[in-house]
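Comments concern the structure below.
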Amino acid sequence: MTATDTAPFPPTPTPATKVPPRKGNPWRPTFGGVWLVTRVELLRRRPSVKGYIFYGLLLAAILALGILVAVVAGDDMTSTPLELVLVLVLGAGMLIGPSLSATSINGDSGEGVLAPLQMTHLTAGDLAVGKLLASWFVSFAVLVTTAPFLLYAYSRSGWHWHELLTVLGVIMAVVLVSTAIGLAWSAIAARAVASVSLAHLTTGFFLIGTLVIFAFTMPLVSETVTNGQRYIDWERLTPEQSEALDEAYMTGDFSQLDAESYVCVEDTWDMSVAHTERTAWMVLVNPVVVIGEVSPIVSTETYEEDGRAAPGLFAMMHQMVSSARIGPTEFDLESSSYDECAELVRWAEAGTQTWDDSEWEDQWAEQQEEQANYPRAPWLGLAVQAVLFVGSMAIVIRRLRVPYRTLRTGTRVA
Amino acid sequence: MSILEEAPPMTEAIMARGVARAFGSVKAVQNATLSVQAGKVTALIGPNGCGKTTLMLMLAGLLKPDAGEIRVAGADPRTDSAAVRAAIGWMPDQLGSWDNLTCLQTLTLVGRAYRIPQAEARAKGLALLHRVHLDEFADRPTRVLSRGQKQRLSLARALVNDPSVLLLDEPANGLDPRSRVELREFVREIAAEGAAVLVSSHVLAELDEMVDDAVFMSKGSTLGDDAAAMVAHARTRYRVWALDEVKLREALTGGNVPFEEAEGGVIVSIADQTEAAYALAWLVGQGVQVHRFGPAGSALEQTYMAMDEERR
């Protein structure tokens, strides 16, 4: 486009090769295409100076946190710092991944840079997977950032390296799934605001919603256990009896007490016991629970002999989840009764107050141990994640295929 | 652009018949019929919102028509939209660019998306940047480009795959006068190389000198032969200005020449250049002091205005 009267027009570049004809499936992702789209997306998101400063601050904060924990913690083995980093990586990934992916299709379309790519030989799958990976790599960068502290925390966690790798793999997979969900919302919703909120709502539903629903459905699966109790009817005691009883409780000397003479009343009270074994699957769908369920089992009794740290966050979570999965024990369901009068007689005979708690304590410890060692159950959660992933990507690819049959309402092709 | 050497001569690069497309209850395109010849520039003219962009999207293979037949470079977008897209260079009306990438990166990556090898794609990017006079911006991010420069980058991007069909949606929007002249020459050259060019624009005076054919659109429908006849008629209209208008009218009335009034002069109908030369000589011979004599403005503009009049 030189001015007519000045330079002659430069010769048309003669292409050495013609554009190769487009072959193959119109939607299936290809290796080259995916890599190209990922590269474009990453180049576009290359951080500015401000971005690098923010990234530096983040790195500094993580390192500071690491040093703080290292200083404060004693020499004992502990898995808590490791678990904190893992939670941090998961949290950051689940915030960042969907935020980026949820603006990636409707945003591009609004900016007018999507359709020119759809005109090329790239398939819908290339665009979908490339955009997914580009958003996911940013979460991956967070993981890399935390690596120094992660290694330190790992060294004193008592975990085995393959356990760490498994958990990291699952964390990145869960982040990938929420990134894919964000991308799907971006393909469905016309406005970036809507798709970002919907993406975070979806993530939030799985993180918090599942727990809330689990809690709210408890009454539906509860049964009522009637407990009986007998206790001394204080209102019908003579002043002497009352005084003697007070005296006995104060001094702990029950030998002078005429226990048989006290008037007792009987009463019953209802307690509801939830059959959480029927609803525990809701909790298992939760991504954080999935992480907990793939992390190592730590026995509450034998962790020291096993060379592990005391049960940390994930082990506790596993215990709680197992408790929900096991549901109420026979002991929980059995009517219990408390008999103050009988206790009084017993104490009067013994001359002093005695407690027989060993049975309780044994039972509690046994229950803890059973819960801690209960087999892990990540599969349901992982299956749900897989379904979400496949579904989201199917939506994205369908919506990216041209020619468009329908458009997002209120948008143009671009 | 080697399409002419390698493919059998094909004159109809774009053929559309009875194409329709609705968005919900809005009938964007109702009945569009047009054909664009290879090696020619065809204008798509119509008021805002008459369905030009929608029609172009359907021709580009980005949007499915509800009804009608389309052939682009011999392929049917419904069954082989990939082949259609591969043959087309599309310059959208919306200017989008990857802000953080340089102009050269943009073109190279688009070339890669057409599966052109890296080195070749880069060479091609450089050549195209040179062609649209953006050499100096090769290594600068596209966000620094002005509107007109982005327009040119967008044009270069449309040419990356050596298209045999070029669809330009409002390419002259936002261009300065020099760039418009350049665009006009550029488009003519691409057509001379054998590509079919369909260009939509409001800047009718520009189009007048650029196009071989024109397709008019109104309310979602193309106006076929009627509009063509109107353009042909408009091309016969000459405007005559004289120092003494009364004398001019008297001469015309005396010579039995029909004329219509226009601001500052009269409009007469003249078939061709020979007749124009003869008419001017005759008028001067009648003693009329003619000071201006020439075609009555843009033929396309006149047709557009006449069409617009009908619309109201």
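The values are calculated or read from the model by the stated rules, or taken from the named source; none is laboratory data. Worth saying up front: this structure is predicted, and the values here are computed from it rather than measured. When we count neighbours, we look across all protein chains shown, and the Cβ atoms used for this are built from the backbone with ideal geometry, even at glycine.
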Check: Looking only at the stretch B:94-137, which residues are buried (at least 22 other Cβ atoms within 10 Å of the Cβ), more than 8 Å from chain A (Cβ to nearest Cβ) and not hydrophobic (A, V, I, L, M, F, W, C)?
Finding: B:106, B:108, B:111, B:125
Notebook entry, point to check: Somewhere in the stretch A:142-150, is a residue closer than 21 Å to residue A:51 by Cα, among the hydrophobic types (A, V, I, L, M, F, W, C) and buried (at least 19 other Cβ atoms within 10 Å of the Cβ)?
Noted result: yes
Check: In the stretch B:38-51, what count of residues is obtained for those that are at pLDDT 90 or above, of a type outside the set (Gly, Ala, Ser) and not in a loop (DSSP other than H, G, I, E, B)?
Finding: 3
Notebook entry, point to check: Residues of the stretch B:81-127 being of a type in the set (Gly, Ala, Ser) and under 22 Å from residue B:195 (Cα atoms), which ones?
Noted result: B:81, B:82, B:83, B:86, B:87, B:89, B:111, B:113, B:121, B:123, B:125, B:127
Check: Mind checking which residues of the stretch B:253-285 are hydrophobic (A, V, I, L, M, F, W, C) and free of Cβ contacts under 8 Å to residues at least 24 places away in the same chain?
Finding: B:257, B:259, B:277, B:280, B:281, B:284
Next item on the list: Within the stretch B:162-199, track down each residue that is facing another protein chain (nearest Cβ under 10 Å), over 15 Å from the mean Cα position of the chain (by Cα) and charged (D, E, K, R).
Entry: B:162, B:178, B:193
Next item on the list: Could you please find all residues in the stretch A:119-135 being closer than 14 Å to residue A:182 by Cα and either charged (D, E, K, R) or more than 30 Å from the chain's Cα centre (by Cα) (or both)?
Entry: A:131
Next item on the list: Quickly run through the stretch B:85-114 and pick out the residues that are part of a loop (DSSP other than H, G, I, E, B), out of contact with any Leu (no Cβ under 8 Å at 6 or more places or on another chain) and among the aliphatic types (A, V, I, L, M).
Entry: B:95
Note to self: Scan the stretch A:212-225 and tell me whether some residue there is closer than 30 Å to residue A:344 by Cβ and either without any contact (Cβ under 8 Å) to a residue 40 or more places away in the chain or outside any helix (DSSP H, G or I) (or both).
What the structure shows: yes
Margin query: Only one of B:193, B:170 is in contact with a helix residue (DSSP H, G or I) (Cβ under 9 Å, 6 or more places away or on another chain), in contact (Cβ under 8 Å) with a residue 12 or more places away in the chain, under 26 Å from residue B:13 (Cβ atoms) and surrounded by fewer than 20 Cβ atoms within 10 Å (Cβ to Cβ). Can you tell me which?
Written below: B:193
Check: Is at least one residue of the stretch B:219-229 within 14 Å of chain A (Cβ to nearest Cβ) and in a helix (DSSP H, G or I)?
Finding: no
Next item on the list: Would you mind stating whether residue B:290 is of a type in the set (Val, Ile, Thr) and under 23 Å from residue B:233 (Cα atoms)?
Entry: no
Notebook entry, point to check: Taking the stretch A:84-124 as the region of interest, how many residues are in a helix (DSSP H, G or I) and within 14 Å of chain B (Cβ to nearest Cβ)?
Noted result: 11
Note to self: Residue under question is residue B:220, and the condition is that it be modelled with pLDDT of 80 or more and either closer than 30 Å to residue B:39 by Cβ or not assigned by TED's automatic domain parsing to the domain that holds residue B:47 (or both); does it hold?
What the structure shows: yes
Item checked: Test set (1) closer than 18 Å to residue B:39 by Cα; (2) free of Cβ contacts under 8 Å to residues at least 60 places away in the same chain - residue B:147 fails condition number -> (1)
Margin query: Given the criteria surrounded by fewer than 21 Cβ atoms within 10 Å (Cβ to Cβ), in contact (Cβ under 8 Å) with a residue 40 or more places away in the chain, more than 14 Å from chain B (Cβ to nearest Cβ) and assigned to a helix (DSSP H, G or I), does residue A:137 qualify?
Written below: yes
Margin query: Taking the conditions exactly as written (under 23 Å from residue A:116 (Cβ atoms), crowded, with 22+ Cβ neighbours inside 10 Å and at the interface with another protein chain (Cβ under 10 Å from one of its Cβ atoms)), does residue B:78 satisfy them or not?
Written below: no
Notebook entry, point to check: Counting just the residues of the stretch A:357-413 that are among the hydroxyl-bearing types (Ser, Thr, Tyr) and surrounded by 12 or more Cβ atoms within 10 Å (Cβ to Cβ), which one comes out modelled with the lowest pLDDT?
Noted result: A:411
Notebook entry, point to check: Out of all the residues in the stretch A:138-153, is one or more on the phi > 0 side of the Ramachandran plot and of a type in the set (Gly, Ala, Ser)?
Noted result: no
Item checked: Cβ pairs under 7 Å, 6+ apart, first in the stretch A:372-392 and closer than 15 Å to residue A:315 by Cβ, second outside any helix (DSSP H, G or I) -> A:372/A:297; A:372/A:298; A:372/A:299; A:372/A:300; A:372/A:311; A:373/A:297; A:373/A:299; A:376/A:297
Check: Residues of the stretch B:162-212 being within 29 Å of residue B:82 (Cβ to Cβ), small (Gly, Ala, Ser) and not in a helix (DSSP H, G or I), which ones?
Finding: B:164, B:194, B:195, B:196, B:200, B:201
Note to self: Return the residues of the stretch B:52-68 that are in contact with a helix residue (DSSP H, G or I) (Cβ under 9 Å, 6 or more places away or on another chain), small (Gly, Ala, Ser) and outside any loop (DSSP other than H, G, I, E, B); say none if nothing qualifies.
What the structure shows: B:60, B:68
Next item on the list: Go over the candidates B:193, B:120, B:189 one by one and state the one that is of a type in the set (Asp, Glu), at pLDDT 90 or above and outside the structural domain of residue B:74 (by TED's automatic domain parsing).
Entry: B:120
Margin query: Within the stretch B:146-161, does at least one residue satisfy the condition of being modelled with pLDDT under 85, more than 12 Å from chain A (Cβ to nearest Cβ), assigned to a loop (DSSP other than H, G, I, E, B) and surrounded by fewer than 19 Cβ atoms within 10 Å (Cβ to Cβ)?
Written below: no
Note to self: Looking at (1) farther than 30 Å from residue A:371 by Cα; (2) of a type in the set (Asp, Glu); (3) surrounded by fewer than 14 Cβ atoms within 10 Å (Cβ to Cβ), which one does residue A:253 not meet, given that it meets all the others?
What the structure shows: (3)
Checklist line | Number of the condition not met by residue A:304 [criteria: (1) surrounded by fewer than 20 Cβ atoms within 10 Å (Cβ to Cβ); (2) assigned to a helix (DSSP H, G or I)] | finding: (2)
Checklist line | residue A:49 being facing chain B (nearest Cβ under 10 Å) and modelled with pLDDT of 80 or more | finding: no
Check: Yes or no: residue A:184 in the same structural domain as residue A:110 (by TED's automatic domain parsing) and either in a strand (DSSP E or B) or under 17 Å from the mean Cα position of the chain (by Cα) (or both)?
Finding: no
